[in-house]
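Notes to accompany the following structure.
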Amino acid sequence: MSSGAATARWGRWRAPEADRRNAVHPGAWWLWALGLAVAASRTTNPLLLALVVAVSGYVVSARRTDAPWARSYLAFVKLGLLVIAVRVLFSTLLGSPIPGSHLLLTLPEVPLPQWAQGIRIGGPVTAEQLVFALYDGAKLAALLICVGAANALANPARLLKCLPGALYEVGVAVVVAMTFAPNMVADVARLRTARRLRGRPTGGIKAIAQIGLPVLEGALERSVAVAASMDARGYGRSADVPRAVRRTTTVCTLGGLLGVCAGSYGLLAAEGAGYGLPLLAAGLAAAVAGLRLGGRRSLRTRYRPDLFGARSWLVAGSGAAVAALMIWAGSVNPEALHPSVVPLVAPVLPLWPALAVAVGLLPAFVAPVPALAPAVTPVLKESS
Amino acid sequence: MIRFDAVSVTYDEAARPALQGVDLTVPEGELVLLVGPSGVGKSTLLGTVSGLVPHFTGGTLRGRVTVAGRDTRTHRPRELADVVGTVGQDPLAHFVTDTVEDELAYGMESLGLAPAVMRRRVEETLDLLGLAELRERPIATLSGGQRQRVAIGSVLTPHPKVLVLDEPTSALDPAAAEEVLAVLQRLVHDLGTTVLMAEHRLERVVQYADQVILLPGPGQAPVLGTPAEVMAVSPVHPPVVALGRLAGWEPLPLSVRDARRRAAALRERLADVPVPQPTAAPEPVLAPAPAPTPGGRKGWFRRSSAPAAVPAPPGATAAVDRLTVRRGRITALHEVGLTLAPGETVALMGRNGAGKSTLLSALVGLLEPTSGTVSVGGLTPYRTAPAELIRRVGLVPQEPRDLLYADTVAAECEAADADANAPAGTCRALVDELLPGVPDTAHPRDLSEGQRLALALALVLTGRPPLLLLDEPTRGLDYAAKARLVTVLQGLAAKGHTIVLATHDVELAAELAHRVVILADGETVADGPTAEVVVSSPAFAPQIAKILAPQHWLTVTQVREAL
């Protein structure tokens, strides 16, 4: 009896099955992923970076659905590996300012004219420079993979639904545009099949050229049909807004964006630190006011908007915690996060930062479990 | 509810109006059916109601169309969105969001309804259309009938007074079509919605209509009347009406039920007449075209390196033995067996997703069997080079346009001759034989559905394949184009071609097929002579069989010859 009660109590805390009500807010997934990304950007320790990637990978595998966008994680992982490879290759070919003593090999150097001084092609390759390139590439790759994790976990259409009213219609256009890619892939498959039916080879440049035009035509026709359907269903209905309000909206939005740009520049450039912050703040405020006013033109209401509930806060909070802890660790013990390249030493996994990254695993336990996919997928029509 | 005042529509750069002299009123709360041959402007007429013609398509609209008192001249489609709901021919092109529930809510969101109202209406609509189970499903995973119901639901939620539908059941199997029609029936009866719908498959819909608008020909003024009046004069009509006209029944029956009540005398007259058997499959007179001489040696090697195909029964065009095809976790076909004799026409039937297209794909070598064997003319299709295979088997896909790449009909024919190594002009001659009057210089996109099908059929026939496969050939064809297709295919069968049709069209199967194979969930559930298989089946019996059961009459032609 007591064990039953214990199970019931445990059951209350277990993650529920995901449905529309309790789904984690897409914004929360992005905050979590950006937190991991900030943490990754603060270190070049390959062990910590691998840990960040492993954490994101575990959460993705535990909580992704089988929707089309959820398959993008692997693509981002591959992209990350490519980035590392390119970084190392460039370092090998073009040399590096890192002074090194472990000479691995010497490539034949291409003699360059006088005006190209400072650029080197070929020449000696040292272990230090390769390790430095590897660490640097790994950091970039980890950032990309974190973005990939957010992509895989957050439904892009739902995310765009959270945009302010003034931007909603742009958002719908973007979502419709995004459905293009999968449709075009399906078209290509269908037309390649049709080529085979006419007894022609399905590969080769000629085949691509002949398929290309019908695919583009099909995509265009579909977009016109969707546009007609959206128009007939009331897309773009707007309320009457006084002219003065419309003008103010434009001025606020444009002025605000300019302010944001100038302010960011000021913050980043060394000499403008004084005026950067206030300008940025003023710009943001004006832009927000512009969007608010712009929202008045829109009649739209929202059907069952995503709620930022307790589980969403936990997901977003875990990402923020990882970022904060890593920044703090970087100020306390920078050597642990940036293993020395010159002289070359083996990196060690620092205990506390590693534990901090592990906080990012929280969503794998608190986010609702996606429901199993329906077994039936009538896709066979497309094959013929 | 909808008033047309002397409406005519002329598209830009068109020599004559697409629609002319439309002057009629569609009363509130009626189901009005729009009929007529292809190309008379049915879609244009529907478009004027939602305002998409001319606001979206361009062109000039003369006269005036008012819907619930709003003039479409001054109201753009988005301003009519709360009174008119439109569903086009292809439901996939209609969807804006990615799940069923969001799709149902989309129109209401655009109109700015309160969240509580939206929630209530979504739940009501889910129940009304039987979609509650599917509410969280991605639209991409739905079947054809489910998609059509979601499309209708998505325009119903804003509670429009008028529903405009363009061929809502053409792409559906008979059961799914019934589903959709039952929903429309309910809307008209329970909610008082006015429904205006165009449809080619009159045998499915005409009995539900309160009134029928007939567009007799291009540029001719429409005729509005009760279904029985209009059907008595209409050039397009379902088999039940053809039988009624033949037997001189007055008033004309529109449903199988009405006709059966009248048919007692006819059944008696026909009782002693033997039902004409479909002509027995003739001796093969068609040998595969000779292989091209250059590279013949290579071809010989390739063929010999392929595994020995199944020992097909002597004389068979193709044989399928215990064929299983699995895709991912889904078994699309399970231990299917089929032998096809020369000159035989076989109809493959079954609901959407039953495995018809998969079987055709396997026969034409697009799919590798998971287990079992397929042999066509002694070859294993998926191991045979495409250039060789087109001499053995040809498939006209569901969308004939997929087969066409060139800019003109002439270029398309030349390419087909080259592909099949046939003498120049072979394909062009075939096109003229199948459907005279297809211009050489026309772009394949500008052809009518029937012309495009004829062109695709000619391209496939250029290789003289003994086995011809057609996937859903009558989609979008009117009765005239369908009758022509039937004649063409009968001619081909008489020449010794084996023909396999995957189709939902029971009337077509009744006219053409010697044999019917019914698939369900990837398994063969029935395989036998057409009359035996379809007469006993409620879903697959043609109208004439239903009327004259238990006698084995299938088509009006048979009855006419017998009388």
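Derived scalar couplings between HN and Hα for segment B:137-154 equal 6, x, 4, 4, 9, 8, 7, x, x, 5, 4, 5, 5, 5, 4, 5, x, 5 Hz in order, rounded to whole Hz, by the Karplus curve 6.51 cos²θ - 1.76 cosθ + 1.60 (θ = phi - 60°), x for Gly and Pro.
Compute the angle between helix B:100-111 and the longest alpha-carbon principal axis of chain B, please, reported from 0 to 90 degrees and rounded to the nearest 10. Helix B:100-111 sits roughly 30 degrees off the main axis of chain B. One chain, two ends: A:LEU351 and A:ALA285. Fully extended at 0.36 nm per residue, the span grows by 19.6 nm beyond their Cα-Cα distance.
Among B:414-425, A:125-136, the peptide with the highest mean count of other Cβ atoms within 10 Å heads the list, and the full ranking is A:125-136, B:414-425.
With neighbours defined as other Cβ atoms within 10 Å of a residue's Cβ, the residues A:CYS261, B:CYS427 order from fewest to most as A:CYS261, B:CYS427. Check the straight Cα-Cα distances from B:LYS495 and name the lysines below 22 Å, setting aside those fewer than 8 residues away within the same chain. Straight-distance partners of B:LYS495: B:LYS482. What the pair-distance distribution of the protein assembly as shown shows, using all Cα-Cα distances binned every 10 Å from zero, is 2, 9, 16, 19, 18, 15, 11, 6, 2, 1, 0 percent. Within straight-line reach of B:LYS161, meaning a Cα separation under 27 Å, sit the following lysines at least 8 residues removed in sequence or on another chain: B:LYS42. Straight-line cross-link partners of A:LYS139 among the lysines, defined as a Cα under 30 Å from its Cα and at least 8 positions apart when in the same chain: A:LYS78. Where in chain A are the helices, taken as whole DSSP H runs, whose Cα atoms extend 30 angstrom or more along the long axis and whose Kyte-Doolittle mean reaches at least -1.0? Both cut-offs are met by A:72-94, A:127-153, A:204-232, A:243-268, A:273-295, A:310-332.
Dividing the Cα radius of gyration of segment A:185-234 by 2.2 N^0.38 Å, with N the residue count, gives 1.46. Backbone amide hydrogens, once placed in the peptide plane, bring B:ASP478 within less than 5 Å of B:SER38, excluding anything fewer than 5 places away on its chain. Residues whose amide H falls under 5 Å from that of A:ALA18, counting only those 5 or more places apart or on a different chain, are A:VAL369, A:ALA371, with hydrogens built in the peptide plane. From helices alone, chain A scores -22000 deg cm²/dmol at 222 nm; the rule is -39500 (n - 2.57) for each run of n ≥ 4 DSSP H residues, then divide by the residue total. Largest first and in whole Å, the equivalent-ellipsoid semi-axes of segment B:402-464 read 16, 12, 10, each the square root of five times a Cα gyration tensor eigenvalue. Counted by Cβ distance under 10 Å from B:ALA209, the other residues give a net charge of -3, where Lys and Arg count +1 and Asp and Glu count -1. Counting Lys and Arg as +1 and Asp and Glu as -1 over every other residue whose Cβ lies under 14 Å from the Cβ of B:VAL256, the net charge comes to +3. Among B:368-376, B:12-20, B:494-502, B:436-444, sorting by the average number of other beta carbon atoms lying within 10 angstrom of each residue, highest first, gives B:494-502, B:368-376, B:12-20, B:436-444. Couplings for segment B:392-406, taken from phi via the Karplus curve 6.51 cos²θ - 1.76 cosθ + 1.60 with θ = phi - 60°, read 9, 8, x, 10, 9, x, 3, 10, x, 4, 4, 7, 9, 10, 6 Hz in order; Gly and Pro are left as x.
Here the residues A:TYR58, B:TYR405, B:TYR106, ranked from fewest to most Cβ neighbours within 10 Å of their Cβ, fall in the order A:TYR58, B:TYR405, B:TYR106. Between A:ALA244, A:ALA75, A:ALA15, the residue with the greatest mean-square fluctuation in the GNM of chain A (Cα pairs under 10 Å linked by springs) is A:ALA244. What the Cβ-Cβ distance of A:ARG14 and A:LYS78 gives, at R0 = 30 Å and to the nearest 0.05, is a FRET efficiency of 0.30. Across segment B:39-47, coupling constants 3J(HN,Hα) worked out from phi with the 6.51/-1.76/1.60 Karplus curve, θ = phi - 60°, read x, 9, x, 5, 5, 4, 4, 5, x Hz, and Gly and Pro carry x.
Label reach from B:THR324 (point 7 Å along Cα→C-beta): in segment B:347-383, amide nitrogens under 13 Å belong to B:369-373.
Non-local amide H neighbours of B:THR345 (under 5 Å, H modeled in plane, Pro and chain starts lacking H): which ones? Amide H neighbours of B:THR345: B:ILE499, B:HIS514, B:ARG515. Once the Cβ-Cβ distance of A:VAL251 and B:ALA411 is raised to the sixth power relative to R0 = 45 Å, the FRET efficiency obtained is 0.20.
One quarter of the surface of the convex hull around the alpha-carbon atoms of segment A:110-171 equals 8.7 nm², the direction-averaged projected area. Per the Debye calculation on chain A with a single equal scatterer at every Cα and no solvent contribution, log₁₀ I(q)/I(0) for q = 0.14 Å⁻¹ amounts to -1.35. The angle between the Cα long axis of helix B:409-420 and the longest principal axis of the Cα atoms of chain B comes to about 30 degrees, rounded to the nearest 10.
Given chain B, what whole percent of its Cα pairs are spread farther than 41 Å? That tail contains 28 percent of the Cα-Cα pairs. Any idea what angle helix B:449-461 forms with the longest principal axis of chain B, computed on alpha-carbon atoms, 0 to 90 degrees, nearest 10? So the inclination is approximately 10 degrees.
Laboratory data are not the source of any read-out in this text; all were calculated from the coordinates shown. These numbers were taken from a predicted model, which means no experiment stands behind them. We place every Cβ from the backbone using ideal geometry, glycine too, and count neighbours over all the protein chains shown.
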